[in-house]
1. Tell me which strands (runs of 3 or more DSSP E) are completely within the stretch 449-556 and hold 1 or more residues being in contact with a strand residue (DSSP E or B) (Cβ under 9 Å, 6 or more places away or on another chain) and among the small types (Gly, Ala, Ser), or say none if there are none.
2. In the stretch 97-124, what residues are among the polar types (S, T, N, Q), within 12 Å of the chain's Cα centre (by Cα) and either over 14 Å from LEU259 (Cα atoms) or open to solvent by 10 Å² or more (accessible area, probe 1.4 Å) (or both)?
3. Could you grab me the full set of residues in the stretch 1-32 that are over 24 Å from the mean Cα position of the chain (by Cα) and in a loop (DSSP other than H, G, I, E, B)?
4. Going by the conditions given, is LYS376 farther than 23 Å from VAL147 by Cα and surrounded by 14 or more Cβ atoms within 10 Å (Cβ to Cβ)?
5. Would you confirm whether any residue within the stretch 523-533 is at pLDDT 85 or above, of a type in the set (Lys, Arg) and under 19 Å from ALA604 (Cβ atoms)?
6. Going through LEU480, LEU474 one at a time, which residue ends up being on the phi < 0 side of the Ramachandran plot, touching a Pro at 6+ places or on another chain (Cβ under 8 Å) and touching a residue at least 24 places away in the same chain (Cβ under 8 Å)?
7. Step by step: first the residues of the stretch 489-514, then only those that are touching a helix residue (DSSP H, G or I) at 6+ places or on another chain (Cβ under 7 Å) and surrounded by fewer than 19 Cβ atoms within 10 Å (Cβ to Cβ), then the one that is farthest from GLY624 (Cα to Cα). Which residue is that?
8. Restricting the search to the stretch 635-647, which residues are part of a strand (DSSP E or B) and of a type in the set (Phe, Trp, Tyr)?
Amino acid sequence: MIGSILSNRYEIVEKIGDGGMALVYSAKDTLLNRLVAVKILREQYANDSEFIDRFYREAQAAASLSHPNVVTVYDVGTVEKTPFIVMEYVHGQNLSEIIKEQGQLNPADVVKVSIQICSALAHAHRHNIVHRDIKPHNILITKDGQVKVTDFGIAAISSMSITQTGVVLGSVLYFSPEQARGNKVDHLSDLYSLGVVMYEMLCGRVPFRAETPISIALKHIQDQPVPPTRVNPRVPPQLEKIVLKLLAKRPEERFQSALELSTALEKVDLGAAVDADVEQTQKLTIDVSERLDEQKLEEGEAELSAVSRKKPGKRSKKARSRAPIVLLLLLLFAGLVFGLMVFIPELLFPDDVPVPNVVGLSVEEAERILAESKLKMAVEIEVFDNEVPEGHVISQEPKAYRMKKENQVVFVRVSKGPEFVYMPSVIGLSHREAQLALTQAGFTLGEAKFVQTGEHPVNTVVDQEPQPDEYVALGSPVVLMVSQGLDTIPVVVLPNFRGQELDAVRQQLAELGLKEGKLIPEFSTMIPKDHVVEQNPPPFAEVEVGWEVDLVYSEGSPASGRSDAEGVQRWTTNGDWHFKQVRIDVPEGRDQEIAIIVVDDFGAREVYRQVHAGGSSFDFTAQGRGDQARIQVYIGGRLFIDRDFVE
């Protein structure tokens with residue numbers, strides 16, 4: 001496998017992982033010149049057609065997730081009939097390795113990691129994807145502390161029970177009770193598994209262990225976990241309550257969403273465990289002092305009584321010498337009680353303060369300003385950004401001017417600066433092909449410049465800026481120089497050819513200066529024979545003279561089957577056209593270009609391109625043809641949605 005090239009693009013470099021379902025390799029993406037991870041399904045599953053079908057469906061669902069805390073799925077393919085997935089390569093360790101190295105993690109680190117996992121789960125659950133296999137091995141942490149959850153959707157293909165051969169013990173350790181029973185699971189099962197992971201981070205061990213997978217599953221169903229504070233006294237009480245609530249046997253008793261859990265984690269007082277230790281020490285000190293005082297007073301009273309009996313009217317010198325010590329201890333005790341009365345309310349009932357705006361500031365400046373408002377700062381994630389300088393804050397949560405308790409944490413997203421890649425060449429492609437190729441490679445489109453030349457075919461890209469192989473920031477706008485011949489090319493608005501006779505439409509194309517593209521026959525019970533069923537580009541699209549127009553035309557009702565006597569395959573309208581609505585949420589911040597591409601029986605085509613304000617949302621409905629039709633949404637040059645029309 002080492003040295004092999006998959007899909008004429010991914011060159012296998014080395015083996016980096018070995019899981020129960022797949023082997024993982026690092027590979028070089030020769031098109032974009034970047035390192036990727038390739039997961040190849042194990043041979044024992046490669047001949048199971050149902051398994052492979054589900055593998056593809058779930059892989060494509062996972063590819064629809066685009067989130068900083070989710071390992072991005074770039075591509076899906078086959079090698080010798082065995083499916084593989086191309087994913088983002090993450091430099092770092094998985095959480096399992098970190099726990100093995102460090103044992104019990106700092107509660108503050110546990111909160112940071114858990115909030116990022118919540119963010120990933122919330123994104124997946126909004127897209128109706130349940131992970132089903134949340135465990136430390138599937139949680140990667142970069143050197144910068146960014147959490148990346150992997151195997152989204154892939155774990156969902158496994159319908160195996162815990163008694164089947166090949167089930168790894170590690171997954172059963174994190175099963176929810178409903179998984180252990182073999183019941184249908186939903187997003188609340190992921191939250192239970194996250195509770196197990198949090199327990200392991202805090203305690204250095206999982207809540208339930210046994211000799212066999214069946215025994216472990218029964219413990220998940222029947223047993224209650226040992227409270228984390230009994231294993232690790234440093235765990236804050238609030239955090240313990242959160243973990244135990246996540247581990248509730250009944251799903252309705254858990255947090256009901258990842259967002260609700262994240263909100264609870266943000267409110268955890270990370271100083272509570274330290275305060276509890278101090279309070280316990282103070283209590284013990286006070287108790288000892290009180291007992292000493294009582295003992296000394298009793299001894300003094302006894303001696304005084306004895307002396308009085310021996311020598312009435314005279315006081316013991318020993319009793320007089322102890323009196324100042326007793327008085328001093330009483331004064332110290334009174335001062336301590338007064339101090340607790342003054343400071344305990346401040347600790348238990350801190351004031352509300354407005355959160356200052358730190359967006360755009362350096363990390364150091366943001367931390368200083370938050371400290372002045374008696375707030376703490378934690379870096380939630382570091383991401384690439386073409387606009388915000390490296391080491392500066394992109395966004396914050398809570399947002400500026402909202403109220404938050406003193407000493408609570410404000411989470412910030414920090415820029416890593418631009419991500420640089422080598423610019424691919426689109427010279428020689430048609431204008432439309434170049435636009436699609438650049439969008440799918442992660443770039444935005446600059447303003448096209450038309451060049452009058454007789455040396456190149458019309459509508460061909462003759463130059464580009466940045467130049468091919470130049471090292472540029474991903475998401476940069478690309479300016480294309482397009483040949484328009486020696487004369488200026490006029491723009492034509494496409495008529496609606498649907499329902500018109502094919503010969504008449506072909507004549508109109510010639511009169512408009514447009515070319516015939518694909519002519520595709522299709523049986524239809526609705527459209528008369530030799531009339532146009534569909535066209536690409538769609539009606540009223542603006543195209544340049546010389547553009548190719550694809551036409552689907554009717555051959556009338558089918559006599560029998562889908563093929564004619566000559567064996568020519570024809571389309572039928574029944575069930576071939578599909579509609580898909582997607583919800584597009586533009587990330588907070590600057591305005592960004594939104595490009596929507598449909599990939600179907602016609603090939604890849606752009607159906608939408610507009611600039612939208614940061615933080616805005618909108619719905620878009622697209623039409624695609626064929627069971628393999630997909631819709632792709634690019635925001636600022638980055639793929640955010642890649643879904644099948646038929647799921």
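The values are calculated or read from the model by the stated rules, or taken from the named source; none is laboratory data. All of these numbers come straight from a predicted model, not from anything done at the bench. We place every Cβ from the backbone using ideal geometry, glycine too, and count neighbours over all the protein chains shown. For accessibility, only protein heavy atoms count, side chains too; no ligands or nucleic acids. Shrake-Rupley method; radii C 1.70, N 1.55, O 1.52, S 1.80 Å.
1. Working: elements: 449-451, 461-465, 471-473, 477-483, 491-493, 515-523, 532-536, 542-544, 548-554.
Once the strands (runs of 3 or more DSSP E) in the stretch 449-556 are filtered for at least 1 residues that are in contact with a strand residue (DSSP E or B) (Cβ under 9 Å, 6 or more places away or on another chain) and among the small types (Gly, Ala, Ser), what remains is 471-473, 477-483, 515-523, 548-554.
2. Residues of the stretch 97-124 that are among the polar types (S, T, N, Q), as a first pass: 102, 104, 106, 114, 116, 119.
Restricting the remaining residues to those that are within 12 Å of the chain's Cα centre (by Cα) gives 116, 119.
The one that is among the polar types (S, T, N, Q), within 12 Å of the chain's Cα centre (by Cα) and either over 14 Å from LEU259 (Cα atoms) or open to solvent by 10 Å² or more (accessible area, probe 1.4 Å) (or both): SER119.
3. If the condition is that a residue be over 24 Å from the mean Cα position of the chain (by Cα) and in a loop (DSSP other than H, G, I, E, B), then MET1, ILE2, GLY3, SER4, SER7, ASN8, ARG9, THR30, LEU31 are the ones that fit.
4. Details: farther than 23 Å from VAL147 by Cα: no; surrounded by 14 or more Cβ atoms within 10 Å (Cβ to Cβ): yes.
Considered against the rule, which asks whether it is farther than 23 Å from VAL147 by Cα and surrounded by 14 or more Cβ atoms within 10 Å (Cβ to Cβ), LYS376 comes out as no.
5. To start, the set of residues in the stretch 523-533 that are at pLDDT 85 or above comprises 528-533.
Imposing the further condition that a residue be of a type in the set (Lys, Arg) reduces the set to 529.
Narrowing the set further to residues that are under 19 Å from ALA604 (Cβ atoms) leaves none.
No, because not a single residue in the stretch 523-533 is at pLDDT 85 or above, of a type in the set (Lys, Arg) and under 19 Å from ALA604 (Cβ atoms).
6. On the way: LEU480 fails: touching a Pro at 6+ places or on another chain (Cβ under 8 Å).
Checking each option against the conditions leaves just LEU474.
7. Taking the stretch 489-514 as the starting set, the residues that turn out to be touching a helix residue (DSSP H, G or I) at 6+ places or on another chain (Cβ under 7 Å) are 492, 495, 497.
Retained after the next criterion (residues that are surrounded by fewer than 19 Cβ atoms within 10 Å (Cβ to Cβ)): 492, 495.
Numbers: VAL492: 24, PRO495: 20 Å.
Selected residue: VAL492.
8. PHE640
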